[in-house]
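Accompanying notes for the structure given below.
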Amino acid sequence: MASGWAQDGAVQDQIDSTINDAVDRARQSLGHGESDHFCRECGEPIPEARRMALKGVQYCVNCQTGRDQKQQDHAGYNRRGSKDSQLR
């Protein structure tokens, strides 16, 4: 329950913001366009089956797994919290 200087519904606004950020990240991770033939990170060939299965794939499985892990480590933090919640 929000209190102090926070407006009514501030907690729900934070929850909504966190969910919207997660949805935006998921949409950005969807592939678009033509897939690359070689990984942008390590230069290894990307298997044809992977290129056919995913639109716009740019990384091999190993490099993509590492990128996903880094992104997951930073997910879930809502930095738009009310000033009231930051002062506690």
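List of remarks:
- Residue in the range 32-56 that is nearest to Q71 (Cα to Cα), counting only those that are of a type in the set (K, R) and part of a loop (DSSP other than H, G, I, E, B): R40
- Scan of the range 25-45 for residues that are in contact (Cβ under 8 Å) with a residue 12 or more places away in the chain, among the small types (G, A, S) and more than 15 Å from V61 (Cα to Cα), ordered by number: G33
- Reported count of residues in the range 2-31, each being assigned to a loop (DSSP other than H, G, I, E, B), loosely packed, with under 12 Cβ neighbours inside 10 Å and more than 16 Å from the chain's Cα centre (by Cα), is 6.
No value in this document is a laboratory result; all are computed from the given coordinates. What you see is a predicted model, and the numbers here were worked out from it, not measured in a lab. Because the Cβ atoms are built from the backbone with ideal geometry, glycine has one as well, and the counts that use them run over all protein chains shown.
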